[in-house]
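This report concerns only the one structure given below.
The values are calculated or read from the model by the stated rules, or taken from the named source; none is laboratory data. This structure is a prediction, so every number in the text was calculated from the model and none was measured. Because the Cβ atoms are built from the backbone with ideal geometry, glycine has one as well, and the counts that use them run over all protein chains shown.
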Amino acid sequence: MPNSQNRNNRRKREEHSETLIIPHITKEMLEKARTMAAQGASRAEIEQAIAQMQGVTPQSTEPAPKPQPEPDARRIIPTSRKRHTDEERKAMLEQMRKEQEQREAERREQATRRTERPAWHFPVPDPVKPEPRRKEPPVSSQPDATVQMPAVQSVQPEPAVPAEEPTRTMDPVHPVEEKEPTPKPQPVQPSEKKEPVQPAPQPAPRRHAGLLRSRTEAEAELNEKIRSDHIWLSNPVMVRGLGLAPVVGAALNGEQALILCVACLLLITFTRLLAVAICHLSGNRFRPLIYCYTAAILYIPVYLLLYELFGNDLTVLGIYLPILITEPAIVKRMEFTELESIRDALRHGFNNGLGMCVALLIVGCLREFLATGAVFGHTVLHAALLPLAAQPAGGFVLVGVIAAVWCAVANVYTDYKREEVRRLYADRKR
Amino acid sequence: MLIANAEFSSLLRGVLQFISYMGLAIFAENVILARALGVTRLMKLVPDHKAQVWDFSLPLILVMGFSAPLGWATHNLLFPWLRNYLPAWLPVSALRPLIYLTCGVLAMAVTWLILWILPRKHRQACRSQLTLAGCSTAVLGTLLICANQNYTMLQSIAFGVGSALGYVFIIFIVREGRRRLRSKDVPAIFQGLPSSLIYIGILSLAIYGLVGHAVVL
């Protein structure tokens with residue numbers, strides 16, 4: 001059995017590079033170390049050079065490099081890069097920070113152009129806390145600096161350049177900034193009072209335009225929009241199943257549907273408005289009685305108005321006009337303990353009424369068309385496609401089919417909107 | 001002996017009439033299948049497993065039973081008296097919902113008192129459903145139907161109780177149907193409300209075929 005060579009010992013015979021552990025290494029230091037290693041410098045020399053770049057005195061036993069008139073030919077003295085002082089390093093950090101902020105602003109601007117969304121769709125990063133700046137020596141004191149450091153720019157006050165620009169599509173209101181004139185760049189006059197105040201106005205306008213938004217908030221807002229869309233996405237009849245009695249029992253043709261539309265719009269809107277106002281007075285107690293009696297009292301002027309508009313045609317509705325006062329589409333709100341404001345009650349009531357009107361008109365016209373081939377009394381077809389549509393049984397089936405199609409379309413739309421939100425916030429944390 | 005037989009026969013006739021009107025209200029003129037009254041409440045009640053059916057049904061039967069004689073009294077006693085005092089521009093028809101709603105509320109109050117006989121747990125459950133059962137289109141619609149049909153008091157009570165029993169009957173039928181309609185064979189867009197409505201429509205069609213004519217709406 002051949003004695004196989006230990007694979008781990010193979011490298012021992014080859015020349016291998018030493019590993020230098022250099023704390024706080026920068027790109028320049030790495031390049032420097034590589035260059036020196038390529039030129040055959042020893043480890044101690046490389047460490048010394050790196051230590052010089054770091055501005056730390058090496059704790060080695062070797063003496064610190066002193067200016068010698070004739071440098072050793074074998075030693076490589078770093079002349080291409082000068083080591084950075086603390087001021088230079090701070091200036092570099094400041095510049096990097098500004099570049100990063102600028103990149104972030106550009107990214108948000110591009111995203112805004114691409115998605116055409118308002119600025120609040122994009123989270124604004126927390127403003128970087130500015131460090132108190134020290135007095136820095138003028139640049140002229142470093143004549144032999146080979147690295148062009150923008151130290152002068154960092155020293156100069158920059159109140160006119162905001163750290164970040166939210167977007168260009170939205171013009172946020174900056175009441176404070178509008179009053180204050182934009183300070184022009186002034187000569188360097190470092191003062192103890194002004195310097196820490198300079199970055200302070202930057203985050204102030206962000207609070208309005210950049211309310212931090214997350215995907216969860218966006219989804220919650222989308223759900224709220226879907227829920228509050230009482231006409232299509234959250235229709236009281238087709239989606240929530242309210243108000244089925246007049247739709248199935250009385251909306252047999254377009255004319256009856258129109259009468260019910262007017263009645264429902266008036267009753268739903270003003271019942272909700274008046275009942276909420278009374279509930280505010282009663283401490284939100286006795287809601288069922290308040291809602292039902294409010295609708296019953298409002299029915300009197302509504303009935304008189306309808307009688308003026310439609311005359312004796314009201315009698316064809318039979319019991320379906322009076323029972324509107326206990327119809328869940330009108331008094332469903334009594335089951336909720338949350339007391340909404342008057343303005344919300346008016347808005348929601350009107351939207352619910354409109355949604356009910358849409359459902360009534362669609363079902364009424366369709367049933368009339370299927371049962372008699374006419375729409376609002378005007379003959380369209382000289383044949384009755386489905387005479388059963390005039391009966392409650394046909395009404396149930398027809399409303400069921402319409403509700404299925406309605407919900408399918410609404411689901412497709414809401415899924416598309418949810419996917420859109422998901423894509424918009426794909427790279428954000430929840 | 002002959003007099004006793006006549007009284008007995010009249011009693012029998014009354015009972016028979018009562019039962020026939022109840023049967024009429026339960027099957028032929030079912031509030032849900034024939035007139036689509038209370039469908040929304042039914043749709044909300046059926047899938048709710050927390051709400052027991054009898055917690056809703058018992059107050060509904062009591063409210064409809066007690067409101068029926070009140071509705072008869074209103075139609076035959078109150079409205080003729082009230083017509084003399086109403087101005088010409090205000091027809092009685094505009095006040096009907098308000099007055100019949102008051103009848104329903106009075107029946108709810110009586111029911112609330114009667115529910116004391118129940119054990120505490122059931123009493124609280126029934127009282128929590130009392131307002132939903134009383135403020136229903138089924139109650140108000142039944143009162144209006146009785147008034148429109150000019151039923152007598154006995155007929156009104158029979159029709160009211162029968163309507164309530166018919167409502168409970170349909171609750172159980174729709175509940176069972178909805179349980180079976182949870183099958184995956186039902187297309188997704190028909191799950192829930194659409195399939196339940198179509199199911200009720202087919203039941204309504206069966207009643208329509210049994211009766212042979214449409215009821216007076």
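Only one residue in B:Arg180, B:Arg175 is more than 10 Å from every other protein chain (Cβ to nearest Cβ), out of contact with any Pro (no Cβ under 6 Å at 6 or more places or on another chain) and free of Cβ contacts under 8 Å to residues at least 12 places away in the same chain, so which one is that?
B:Arg180
Across segment B:196-212, what is the number of residues that are surrounded by fewer than 18 Cβ atoms within 10 Å (Cβ to Cβ) and not aliphatic (A, V, I, L, M)?
Result for segment B:196-212: 2.
For segment B:115-155, what are the residues that are part of a helix (DSSP H, G or I), surrounded by fewer than 19 Cβ atoms within 10 Å (Cβ to Cβ) and hydroxyl-bearing (Ser, Thr, Tyr)?
Within segment B:115-155, B:Ser128 is the sole residue that qualifies.
Being closer than 24 Å to A:Thr271 by Cβ, surrounded by 18 or more Cβ atoms within 10 Å (Cβ to Cβ), more than 12 Å from chain A (Cβ to nearest Cβ) and within 19 Å of the chain's Cα centre (by Cα) is the requirement here; does B:Ala107 meet it?
Yes; evaluated as a whole, the condition is true for this residue.
Only one residue in B:Ser196, B:Ser163 is within 14 Å of another protein chain (Cβ to nearest Cβ), assigned to a helix (DSSP H, G or I), in contact with a Lys or Arg (Cβ under 7 Å, 6 or more places away or on another chain) and touching a residue at least 12 places away in the same chain (Cβ under 8 Å). Which one?
B:Ser196
When segment A:303-329 is examined, which residues are found to be within 18 Å of A:Gln256 (Cβ to Cβ) and touching a residue at least 60 places away in the same chain (Cβ under 8 Å)?
Selection gives A:Val316, A:Leu317, A:Gly318, A:Tyr320, A:Leu321, A:Ile323, A:Leu324, A:Glu327, A:Ala329.
Kindly indicate whether A:Ala426 is out of contact with any Pro (no Cβ under 9 Å at 6 or more places or on another chain) and not in a helix (DSSP H, G or I).
yes
Name the single residue, out of those in segment A:385-399 being within 14 Å of another protein chain (Cβ to nearest Cβ) and not in a helix (DSSP H, G or I), that is surrounded by the most Cβ atoms within 10 Å (Cβ to Cβ).
A:Gln391
What's the number of the only condition in (1) surrounded by 16 or more Cβ atoms within 10 Å (Cβ to Cβ); (2) within 11 Å of chain A (Cβ to nearest Cβ); (3) within 28 Å of B:Met64 (Cβ to Cβ) that B:Ile189 fails to meet?
Every condition holds for B:Ile189 apart from (3).
Please tell me if A:Ala257 is away from chain B (no Cβ under 14 Å), farther than 30 Å from A:Arg422 by Cβ and touching an Asp or Glu at 6+ places or on another chain (Cβ under 9 Å).
Here the answer is yes, as A:Ala257 does meet what is asked.
Quick check: is even one residue across segment A:335-343 in contact with an Asp or Glu (Cβ under 9 Å, 6 or more places away or on another chain), at pLDDT below 95 and assigned by TED's automatic domain parsing to the domain that holds A:Tyr293?
Checking segment A:335-343: not a single residue is in contact with an Asp or Glu (Cβ under 9 Å, 6 or more places away or on another chain), at pLDDT below 95 and assigned by TED's automatic domain parsing to the domain that holds A:Tyr293.
Residues being in contact with a strand residue (DSSP E or B) (Cβ under 8 Å, 6 or more places away or on another chain) and of a type in the set (Gly, Ala, Ser): count how many of those fall in segment A:370-423.
The qualifying residues number 1.
Rundown of residues vs (1) touching a residue at least 60 places away in the same chain (Cβ under 8 Å); (2) in a helix (DSSP H, G or I); (3) surrounded by fewer than 21 Cβ atoms within 10 Å (Cβ to Cβ), yes/no style:
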residue: B:Ser10; (1), (2), (3): no, yes, yes
residue: B:Arg13; (1), (2), (3): no, yes, yes
residue: B:Tyr21; (1), (2), (3): yes, yes, no
residue: B:Leu42; (1), (2), (3): yes, yes, no
residue: B:Met64; (1), (2), (3): yes, yes, no
residue: B:Pro80; (1), (2), (3): no, yes, yes
residue: B:Tyr85; (1), (2), (3): no, no, yes
residue: B:Trp89; (1), (2), (3): no, no, yes
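Go through (1) away from chain A (no Cβ under 14 Å); (2) over 15 Å from the mean Cα position of the chain (by Cα); (3) in a helix (DSSP H, G or I); (4) surrounded by fewer than 20 Cβ atoms within 10 Å (Cβ to Cβ) for B:Trp112 and report which single condition fails.
Failing condition for B:Trp112: (1).
List the helices (runs of 4 or more DSSP H) that sit entirely inside segment A:283-384 and contain at least 3 residues that are within 14 Å of chain B (Cβ to nearest Cβ) and more than 46 Å from the chain's Cα centre (by Cα).
A:287-310
Can you name every residue in segment B:124-145 that is at pLDDT below 95 and either more than 14 Å from chain A (Cβ to nearest Cβ) or under 12 Å from B:Pro69 (Cα atoms) (or both)?
Within segment B:124-145, B:Gln124, B:Ala125, B:Cys126 meet the criteria.
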